[in-house]
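Down below is the structure, laid out as C-alpha cells.
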Amino acid sequence: MNIFRLTADMTHLMSVIVLLLKIHTIKSCAGISLKTQELYAIVFTCRYLDIFTDFISFYNTIMKVIFLWTSFSIVWYMRYHKIVRRSYDKDQDTFRHVFLMLPCLVLALLINERFTFKEVMWTFSFYLEAVAILPQLVLLQRTRNIDNLTGQYIFLLGAYRALYILNWIYRYVTEPNYVHWIPWMSGLVQTLLYGDFFYYYFLSWKNNVKLQLPA
Amino acid sequence: NPTYKSKDEL
C-alpha cells in the first residue's frame, strides 16, 4: 500500500459518501444519472467476484463490501425510494447502457490477461469503469444546473482515478515487474474523460461562479 | 497464484 493508493481509495470512498449524503439527507437525486450508478454497481460486481475466494487483506475485503453495498444502495434509492425517485430525471437520463457494456465486453473477450471467466469479468469491469461516467457527463450537459454536491461528487470520482495513476507510476518504479496495461490504459482513458469537467470545475472555483458546462 | 497477488487493488 502506498500513500497515492490510500488517498485514492479514500477519495473514492468520499465521492460515494457525498452522493449518499445528498440522496439520504435532502432526499434528492437531481442531476444524478441512474445509468451511471447502475454501471458502477455492475463494475464492482464484476471486479469483486473474488471477494469470497481470494483474501488479500481486511482493508481490501472491507472496502470491497463498502463499494458493493453503497453502489447497490444508491441504485435502490434512485429506483425505489418513494421520495428520492421523484427527483430522478428519467427523460434526460437516456444514455443506453448496452452501447457501453457491449463494446467493453467484446474488448474484454479479445484483450485480457488470461481467458478465464473471472479474468474476463475483471477486465470487463476496468473497461466499463472507464466509460461509466459518460451518462452522467451527458446528463450534466443537458440539465445545466449542477448543484454543489453533484459537482463535488464528480470531482472526487475523477480525482480518485487520477490518484490511482500516480499509484501505478509509483508501483511501476518501486516494484520489479509490476506491469498491468489493462488497468493503466483504462484508468488513463477514464481520467481523460473527466478532463473538460475538471477544467470547468476549476474555472468555476477560480472565478467563484456556479459550475456551468457548455451545451 | 501470482496473478491474484497482483489483484491487490480495488
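If each residue's Cβ is checked for other Cβ atoms within 10 Å, how do A:85, A:5 rank with the fewest at the top? If you can, show how the numbers build up before the last one.
Working: A:85 16, A:5 19.
Fewest-to-most Cβ neighbours within 10 Å comes out as A:85, A:5.
Under the rule a/c < 1.5 gives rounded, and otherwise a/b versus b/c splits prolate from oblate, where does the range A:1-53 land using the Cα gyration tensor? Each step should come with its number before you reach the end.
Details: a/c = 2.56, a/b = 1.37, b/c = 1.87.
It comes out oblate by the Cα gyration axes.
Treat the count of other C-beta atoms within 10 Å as a stand-in for reagent exposure and order A:191, A:150 from fewest to most.
A:191, A:150
Stretch residue A:205-residue A:117 to full length: gain in nm at 0.36 nm per residue minus the Cα-Cα span?
Net length gain for the segment: 27.2 nm.
To make sure I understand, if each residue's beta carbon is the centre and we count other beta carbons within 10 Å, what order do A:91, A:50 fall in, fewest to most?
A:91, A:50
Take the alpha-carbon positions of the protein assembly as shown, form their convex hull, and give its projected area averaged over all directions (one quarter of the hull surface) in nm².
12.8 nm²
Using Cα pairs under 8 angstrom and six or more residues apart, how large is the relative contact order of the range A:21-118, in percent?
41 percent
Give me the distance in nm between label points sitting 7 Å out from Cα along the Cα-to-Cβ direction at residue A:142 and residue A:166, one decimal.
About 3.5 nm separates the two model spin labels.
By how many nm would the segment from residue A:96 to residue A:188 lengthen if fully extended, with 0.36 nm per residue of separation less the alpha-carbon distance?
30.8 nm
Since every read-out is calculated from the coordinates, none of them should be taken as a lab result. What you are looking at is a predicted structure, and each value in this text was computed from that prediction instead of being measured. Please note: Cβ atoms are built from the backbone with ideal geometry, for glycine as well, and neighbour counts cover all protein chains shown.
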